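Would you mind keeping the following structure in view while I ask a few things?
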Amino acid sequence: MTSNEDRERIVSGGMLPDEQTLEYSLRPKFLQEFIGQQKVKDNLAIAIQAARGREEPLDHVLLYGPPGLGKTTLATIIANELNVAFQGTSGPVVDDKKDMAAILSNVEKHQVLFIDEIHRLNSQLEELLYPALEDFHIDYMVGQGPAARTLKLNIPPFTLVGATTRAGLISAPLRGRFGIVLRLDFYTPPDLEIIIRRSAGILNIRIETEGTAEIARRSRGTPRIANRLLKRVRDFAEVKADGAVTGQVARAALEMLEVDNYGFDEVDRKLLLTIIEKYGGGPVGVNTLAASLSEETEAIEEIYEPYLIQIGFLHRTPRGRMATPLAYEHFGIGLPKGHGTLF
């Protein structure tokens, strides 16, 4: 679960409270408009074309990866490509079997039902889902005690698209119901530059090549962060410059926001420096680290670590977390003797 503090971080992959309208306006509608994630797109394109050719619903799809990479966007694209209805909800919103039964009983033929944070569904809701996913019916208990009986309600064939940042928390029986399982990875700077130029065009922002590259480099491989930084840099350019986002303007804006060359903010720097200065570079257990930072273990594992591990600043070992030589170099701190032999 994402903490309130993380939702307010400018480099958070989660959506901030005021971003829904902006993000919706920038989302691509079809696969050919979606930048990056080429393997994911290729697999989806084939599966969608085959389903359309057979006039059958697409196999159920599980999308997983860090927040802000486009899982929700891909779910809407799947519906658009199939030319079917789309309905979205999330695991935390569905409280009990009545909620899930109401959602499933209202699905349309071949529609896409999207459940974000699907790993947060409880086991009872999962059990209600299984017959719906396999045989397209709901087994619903009516009444209590000796008078209780099970009603079987047939529903139209549909496609469930589940999204999660924590695939390991999805139970094996539920995961096994997905015919298509795809991982979204962090984006490369060149892909982010294309996304930034596209968003700048939609938002009528004048941006130069160096400005685009500067924002892309500090966007942590995440389109949502890239678009957020673009918006903030635009504001800076309009107030402090002539409205054009140059390399110099972008650097000045991002330095004011305390987002460094790697896209680190205060929280990232604090995490790495805690490992280096307080625990000699590690290894340190995640629970100990969480206590030192006054953070939840889940937040460290789900929010902070993936990007730091991806770019080689943090190493996860069976004994705990370790800061890598790159982290020491970034902070201008010399490696302790023997540290490099652990990698």
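The values are calculated or read from the model by the stated rules, or taken from the named source; none is laboratory data. This structure is a prediction, so every number in the text was calculated from the model and none was measured. Cβ atoms come from the backbone with ideal geometry, glycine included; neighbour counts cover every protein chain shown. Accessible surface areas use protein heavy atoms only, side chains included; no ligands, DNA or RNA. Shrake-Rupley method; radii C 1.70, N 1.55, O 1.52, S 1.80 Å.
Taking Cα centroids, how far is region 219-290 from region 177-205 in Å?
Using only Cα atoms to place each centre, the spacing works out to 19 Å.
Same structure, new question: If you add up the charges near GLY211, with Lys and Arg at +1 and Asp and Glu at -1, over every other residue whose beta carbon is less than 12 angstrom from its beta carbon, what do you get?
For residues surrounding GLY211, the net value is +2.
Once both labels are modelled 7 Å past Cα along the beta-carbon direction, what's the ASP59-LYS337 spacing in nm?
With each label point 7 Å from Cα toward Cβ, the separation is 5.7 nm.
May I ask you to give the percent of accessible area on region 191-258 that is carbon plus sulfur, with a probe radius of 1.4 Å?
With neighbouring chains kept in place, the figure for region 191-258 is 45 percent.
If you add up the charges near MET100, with Lys and Arg at +1 and Asp and Glu at -1, over every other residue whose beta carbon is less than 11 angstrom from its beta carbon, what do you get?
On the way: positive: LYS97, LYS98; negative: ASP95, ASP96, ASP99, GLU126, GLU127.
With Lys, Arg at +1 and Asp, Glu at -1, the net is -3.
Let me ask something else. Mind checking region 255-343 for trypsin sites (Lys or Arg not before Pro) that DSSP puts in a loop (not H, G, I, E or B) and that have at most 15 other Cβ atoms within 10 Å?
ARG319, LYS337
Between beta-carbons, use under 12 Å as the cut-off and find the net charge around PHE30, counting Lys and Arg +1, Asp and Glu -1.
Working: positive: ARG27, LYS29, LYS41; negative: GLU33, GLU81.
Computed value for this residue: +1.
Rounded to the nearest 0.05, what FRET efficiency do ARG206 and GLU266 give with R0 = 22 Å and r taken as the Cβ-Cβ distance? Could you check?
0.15
When only DSSP loop residues count, what trypsin sites (Lys or Arg not before Pro) in region 60-128 have their Cβ near at most 13 other Cβ atoms within 10 Å?
Taking region 60-128 and a limit of 13 other Cβ atoms within 10 Å, the loop trypsin sites (Lys or Arg not before Pro) found are LYS109.
So which lysines can LYS71 reach, going by Cα to Cα under 21 Å and dropping same-chain residues fewer than 8 places off?
Qualifying lysines at Cα under 21 Å: LYS29, LYS39, LYS41.
Can you give the calculated 222 nm mean residue ellipticity of the chain, where each DSSP H run of n ≥ 4 adds -39,500 (n - 2.57) and the sum is split over every residue, rounded to the nearest 500 deg cm²/dmol?
Helix-only estimate at 222 nm: -12500 deg cm²/dmol.
Calculate the spin-label point distance for GLU33 paired with VAL286, positioning each point 7 Å from the Cα along the beta-carbon direction, and give it in nanometres.
Each label point lies 7 Å from its Cα, and together they span 3.7 nm.
Here's another thing I want to ask about it. How much of the accessible area of region 1-108, probe 1.4 Å, is carbon plus sulfur, in whole percent?
48
List every DSSP H helix in the chain whose Cα atoms extend 15 Å or more along the helix's own long axis and whose mean Kyte-Doolittle hydropathy is at least -0.5.
In the chain, the long hydrophobic H runs are 38-54, 71-82, 123-134, 189-202.
With contacts defined as alpha carbon pairs under 8 Å and 6 or more residues apart, what's the relative contact order of the chain in percent?
Answer for the chain is 17 percent.
Considering only protein heavy atoms, what per residue accessible area in square angstrom results for the chain with a 1.4 angstrom probe?
Ligands and nucleic acids excluded, the figure is 48 Å² per residue.
Okay, moving on. Please list, by residue number, everything in region 65-103 whose backbone N is under 17 Å from a paramagnetic label point 7 Å out along Cα→Cβ of GLN49.
Output list for this probe position: 78, 81-83.
While we're here: Which label belongs to the value computed from this structure, given these candidates for Cα extents along the principal axes in Å: (1) 53, 43, 38; (2) 71, 48, 33; (3) 59, 55, 53?
Here the calculated entry is (2).
For the pair GLU238 and SER123, how long in nm is the line joining their label points, each one 7 Å along Cα→Cβ?
A separation of 5.3 nm, rounded to one decimal place.
What is the mean projected area of the alpha carbon convex hull for region 249-343, to one decimal in square nanometres?
Working: hull surface 25.2 nm².
So the mean shadow area of the Cα hull is 6.3 nm².
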